[in-house]
Each structure stands twice: as C-alpha cells, then as structure tokens.
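Bear in mind these aren't lab numbers, they're just calculated from the coordinates by the rules spelled out. These numbers come from a predicted model, not from an experiment. Heads up, the Cβs are rebuilt from the backbone with ideal geometry, glycines too, and the neighbour counts pull from every protein chain shown.
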Amino acid sequence: MQNSDISYLLEIQKLENKIGEYVKSIDSHSSRTKTLEKQISSKKNTLQEIEQKTKLQKSSLAEKEKELYELEEKRKKSDEHYKNAKSEQQVKALEKELKETIPNIERLEDEILSLMEAIDLSEKEIAEINSFLKGSAESFNEVQSEVDEGIKDDKYAIEVFEKKEKDILDGCSLEARELFFSLKKRFQYQGFISLVEKGKCNKCFFTIPPLLQQTVLKGASLECCPGCQRLLTPDLS
Ligand SMILES: [Zn+2]
C-alpha cells in the first residue's frame, strides 16, 4: 500500500462509472436495431400465415366454383327434361331433383361470395405488410448505420477511459491493483468503493466498528467493508 493508492482508486472509480455509462449507451443503441428486427420478423411471420391461409382459401374457392358449375349444368339438364317431361311420374321425379339442387346452388353461391370477400381482405393485408416490410427495410438500414456510428463513438470513449485507467493503475501499489481487479469482477459498474457515512457503509449500510472507522480515516491501509467487501474511504464532506 502506498499513500496515493486511495486517491488513485477513487479516480479509477470515476472512470469506471463513465465506462459503465458508455456500456449502457452501447446496449441502448443495439436495442434499437433489435426492436426493429423483432418487428420485422413478426410481420414476416404474419405474412407467411396470411399467405398460407389465402392459398387454402383460393383452392377451396376453385373447388366450390367447380362444384357450382356442375350443379348448374345438372340443373339446366333437369330444366330441359322438365319442359319435355312426358309423364306425371317423370315430372315428380324432376321436381324432387330440382328441389334438392336449388338450395345446394344457393348455399354454394353464398360460400363463394364470402370466400371471395375473405380473399380480398387477405390480399389487402398482404399488400399492407409488404409495403411495411419495404419501408422498414429502408429505415432499418438508416437505423443500423446510426447505431453503428453511435457504438463506434462509445467504444472509442471507452478505450480512452480504459487507457487512463491503466495509466493510473500502473501508478498504484501491487496490493491496490490486485484489490481493484478482484473488486471489479464483483462490482463491475456498480461502484467498488464505498464511503463511511455516519458510521455506516453508504452502499450496504453495514455499521462499521469504531476501530475500523479510525483506520479508514487514517487512510494508511486498504480496508474493506465487512458487509459488502467494497473498499472503504472516509467521508470527507
Ligand atoms: Zn458495505
């Protein structure tokens, strides 16, 4: 331990705080593209679902149209036969056939109409999603380059602070350096130094025994809080 250790470590704490801010800033930059990516991928999933659904609707429409055509043909023939019916028995049989065919035709016509409406709606939705995807692909590139720029600046700032930190650490005693590295592992960007305030650690509020308080105040050795293990420094305010 050397006399300057505590003031050096306090300086390093300030740098660590700044580095922590830039690390947070990098996270918030990258969360911008992540959010956009999520939106785009969820829209793509929706698009796939709708396209799948529309495909089924279209094949069902084709089947129903074919069925309707066949029934219409059948009906035309029955009408023809009806006109030319020779016997009462024939008339009755044809009437029975028409009575069954007509509601089927009407039901099919209704189903075809609602399928066509549903397909229309799906196609509108598909067009909307496609235009969203086109727009977001463009804005994604813009956001991506803003984010890249921001992250580059943040990384540069971190490099500068880390360089300063290294220079200061080089001036510390081996004991102080080792203490810093072990505390950094534990308290990265959460403050590895605490003040003794009104007899308590200002980070974990552990009551510091009077003897330890006096030692900390003297500043002649590196003392850690028995509660949270942070380096203790006197409250000089
Ligand atoms: Zn503590």
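Miscellaneous remarks
- Set of lysines with alpha-carbon distance to Lys218 below 21 Å, sequence-local pairs under 8 removed: Lys198, Lys200, Lys203
- For q = 0.13, 0.21, 0.26 Å⁻¹, Debye-computed log10 I/I(0) when each Cα of region 49-135 counts as one equal scatterer: -0.57, -0.93, -1.15
- By the Cβ distance rule of under 4.7 Å, the chain has these cysteines without a partner: Cys172, Cys224.
- Added length on full extension, which subtracts the Cα-Cα distance from 0.36 nm per residue, Glu142 to Lys53: 28.7 nm
- For the pair Lys198 and Lys218, the difference between a 0.36 nm per residue extended length and the Cα-Cα distance amounts to 5.6 nm.
- Note on the chain: Cα-only Rg and Dmax are 39.7, 127 Å.
- Each label point was placed 7 Å from the Cα along the Cα-to-Cβ direction; for Glu80 and Thr33 their separation is 7.0 nm.
- Net charge of neighbours whose Cβ lies under 12 Å from the Cβ of Phe187, counting Lys and Arg as +1 and Asp and Glu as -1: +4
- Of all lysines in the structure, the ones whose alpha carbon falls short of 17 Å from that of Lys96, not counting any fewer than 8 places away in one chain, are Lys74, Lys76, Lys77, Lys83, Lys86.
- Partner aspartates and glutamates whose Cα lies under 13 Å from the Cα of Lys124, excluding those fewer than 8 positions away in the same chain, are identified as Glu51.
- Pair-distance profile P(r), taking every C-alpha pair of region 4-115, with 10 angstrom steps and integer %: 11, 19, 13, 11, 9, 8, 7, 7, 6, 4, 3, 1, 0
- For region 169-208, the alpha carbon convex hull comes to 86 Å³ per residue, rounded to a whole number.
- Sites matching trypsin sites (Lys or Arg not before Pro) across region 102-211 that sit in DSSP coil, with at most 13 neighbouring C-beta atoms within 10 Å: Lys198
- Per-selection Rg to Rh, region 192-237 - Cα, Kirkwood hydrodynamic radius: 0.89
- Between the beta carbons of Glu63 and Glu97, assuming R0 = 25 Å, the FRET efficiency works out to 0.65 to the nearest 0.05.
- Over 20 Å apart at the Cα level, from the set Lys14/Lys152; Lys24/Lys185; Lys163/Lys185, are Lys14/Lys152.
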